[in-house]
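Q: Sharing a structure here in structure tokens format.
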Amino acid sequence: MTKPKKQNKLVTTETKIAGYDNILNDLVDLLESARRTSARAVNAVMTATYWEMGRRIVESEQKGKKRAEYGKELMVQLGTDLTKRFGRGFSWRNIFQMRSFYLAYPAILQTVSAKSNLSEIAKQFPLPWSHYVKLLGVKSNEARAFYEAEALRGGWTVRQLDRQINSLFYERTALSRNKAAMLTKGAKPKPEDAVTPEEEIKDPLVLEFLGLNDRFSEHELETALLDHLQEFLLELGNEFTFVGRQKRMRIDDQWYRVDLVLYQRRLRCLLMLDFKLGKLTHADVGQMHLYCNYARDQWTLPDENPPVGLILCSSKGEALARYALEGLPNKVMAAEYRVALPDEQLLVAEIEKTRHLLETQRIIKGKR
């Protein structure tokens, strides 16, 4: 009689190891804590460095009237030379932002000996650099101090801080009869406000400061998609001509940029194209109408038709193309625009095809 073969017990992913979940969760917590600590450390040094750069620029300007007169030229030249040496993140606009950062927080150091000591400077700025970038957009000193204090007290992520600033939380709290309730409610984060340790480390501002290049940067993906779509539209016969990329417009005291501006020769109008990674929101639509109204008043010639907006969205779940045709003088013109402009589904298909191609190329490069 043949003896049954002895089966060896193999440890598989399904095998339950005593206490395994506890060990796994403990190591996950450790790694996430380490990543957050690393991100905070980098942010602290980065913030201190940018404040010190701002201080040195301001003090250099104050050494003579001639230097002060050529302040912008100084920052443009610094931006050019520092970008050549250290890469992205040091354009003249960023240099100007560092100068503004120092001017907004000029008296943080109490002793002369602390000057240029980055570790001492870092202690004065408990929030990450990305938070201070948002705070610099708040013009009121009182409002800025309020948002800074609440962000620190509530442990706000930069997304939460941005949302509170955009929703005028300071003004709403000031007008509220029950300020304590407003502050309690405002401190509660929303699910979309959460930031993972990986996102903290891959913050574009942090990557630029460290001189690193994230192969899967959303900004790079957006730029690559926009480059291809620009070429795609220009190849649709001879109806489109190129006008500008990242074309600037100043509305009140704030600067805006539209990603791509083309001219449609058949319609004799500007096409304002804005690209978004993620789902389309009402804010995106409202912003595009703002761009079109500005372009109609400031860029459109007397014999030209009103500009039309095109919003392109791309996320892993879906792609979307939508024309902003509201505001045209009549329905006949809107219908004419529909016929002359590329079909939205055609644009969606091109976005999806291009995104898939780009992501495939990146995967191949990553395996090399």
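We did not get these values from a lab; they are worked out from the coordinates using the rules stated. Please read these numbers as outputs of a predicted model, since none were measured by experiment. Positions of Cβ are backbone-derived with ideal geometry, glycine not excepted, and every protein chain shown enters the neighbour counts.
Q: Which whole-Hz ³J(HN,Hα) couplings does segment 20-31 yield from phi under the Karplus relation 6.51 cos²θ - 1.76 cosθ + 1.60, θ = phi - 60°, glycine and proline marked x?
A: 4, 4, 5, 5, 4, 4, 5, 6, 4, 4, 4, 5
Q: Excluding residue 345 itself, calculate the net charge of residues whose Cβ lies under 12 Å from the Cβ of residue 345, where each Lys or Arg counts +1 and each Asp or Glu counts -1.
A: With Lys, Arg at +1 and Asp, Glu at -1, the neighbours total -3.
Q: Quick one: of 72/247; 123/279; 72/134; 84/247; 84/276; 134/279, which pairs are farther than 27 Å apart, Cα to Cα?
A: Over 27 Å Cα-Cα: 123/279; 84/276.
Q: A further question follows. Ranked by Cβ crowding within 10 angstrom, fewest neighbours first, how are 351, 17 ordered?
A: Ascending number of Cβ neighbours within 10 Å: 17, 351.
Q: If packing is taken as the average number of other Cβ atoms within 10 Å across a peptide's residues, how do 223-230, 257-264 rank, most packed first?
A: 257-264, 223-230
Q: Which order do the peptides 305-311, 157-163, 277-283 take when ranked by the mean count of other beta-carbon atoms within 10 Å per residue, highest first?
A: Result, highest mean Cβ count within 10 Å first: 305-311, 157-163, 277-283.
Q: Report the gain in length on full extension from residue 242 to residue 28: 0.36 nm times residue separation, minus Cα-Cα distance, nm rounded to one decimal.
A: 72.0 nm
Q: Between residue 83 and residue 335, 0.36 nm times their residue separation minus their Cα-Cα distance comes to what?
A: Extra length from residue 83 to residue 335 when fully extended: 86.0 nm.
Q: Then there's this: Can you give the extra length, in nm with one decimal, that the chain gains between residue 282 and residue 318 once fully stretched, where that is 0.36 nm per residue apart less the Cα-Cα distance?
A: Computed gain between residue 282 and residue 318 is 11.3 nm.
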